[in-house]
Amino acid sequence: MKLYSLLFIVSGMIVFSACDKDDDDDDRKPNYYGTQDQMARPAINTVFVSAADKDMFNTTVPSAMNAAFGSKFKARLMALNAGYTTNLLGLTADQFSNVLVTDVLNASTTAPTTFYDGTNVLTGRALADDVIDVELTLIFGGPNGTANPGLTSDKVNSNDKAFLASFPYLATPH
């Protein structure tokens with residue numbers, strides 16, 4: 001029994017000493033977690049943020065995103081669709097750029113959870129929401145959502161496997 005106790009104590013000392021980050025730095029600073037990537041709205045970061053700006057965008061707090069990137073988002077929107085006037089939501093290029101640049105997932109406590117269902121807009125995101133088609137329609141679809149029909153859908157209309165009806169809701173893996 002004494003041998004097991006001794007082995008337990010020695011193994012504990014080894015584990016704890018291995019976990020001690022001693023790099024002879026007397027300025028022991030606490031470790032904080034940092035933002036590495038922001039993807040509240042799929043494809044927005046990918047399409048609207050240049051490779052040179054990725055790290056800066058991904059570590060910018062949402063409240064500062066418009067000031068830092070708003071003009072770049074508008075320039076990219078106009079480069080993608082030079083004929084953009086307003087979209088299905090009635091948003092001008094300035095208004096829509098301001099919505100896009102703040103990369104947060106909105107959530108409503110009073111409306112259905114949806115990215116867009118024809119009535120509710122950005123009130124959350126359900127698993128089955130076709131967010132890429134919504135984003136493409138808002139960028140290329142014009143005021144009625146019907147302009148540029150070849151650019152308003154990725155032609156992927158559902159998940160390849162059905163979502164579960166109860167928690168955890170995600171489709172079963174292949």
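Every number in this text was worked out from the coordinates using simple rules, so none of it is lab data. What you see is a predicted model, and the numbers here were worked out from it, not measured in a lab. Counting neighbours? That spans all protein chains shown, and the Cβs are built from the backbone with ideal geometry, glycine included.
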| message | Could you check region 121-139 and list, in sequence order, the residues that are part of a helix (DSSP H, G or I) and either within 16 Å of residue 99 (Cα to Cα) or under 14 Å from the mean Cα position of the chain (by Cα) (or both)? | response | 131, 132, 134, 135, 136, 137, 138, 139
| message | For region 156-165, check the following and say yes or no: at least one residue is touching a residue at least 40 places away in the same chain (Cβ under 8 Å), among the hydrophobic types (A, V, I, L, M, F, W, C) and in a loop (DSSP other than H, G, I, E, B). | response | no
| Among residues of region 141-155, those that are aliphatic (A, V, I, L, M) and in a loop (DSSP other than H, G, I, E, B), counted | 1
| Residues satisfying the stated conditions in region 77-109, i.e. buried (at least 17 other Cβ atoms within 10 Å of the Cβ) and not in a loop (DSSP other than H, G, I, E, B) | 77, 93, 96, 97, 99, 100, 101
| field | Count of region 99-155 residues which are of a type in the set (Asp, Glu), under 24 Å from residue 61 (Cβ atoms) and without any contact (Cβ under 8 Å) to a residue 60 or more places away in the chain | value | 0
| said: Looking at region 59-76, can you tell me whether even one residue there is assigned to a loop (DSSP other than H, G, I, E, B) and surrounded by 14 or more Cβ atoms within 10 Å (Cβ to Cβ)? | reply: yes
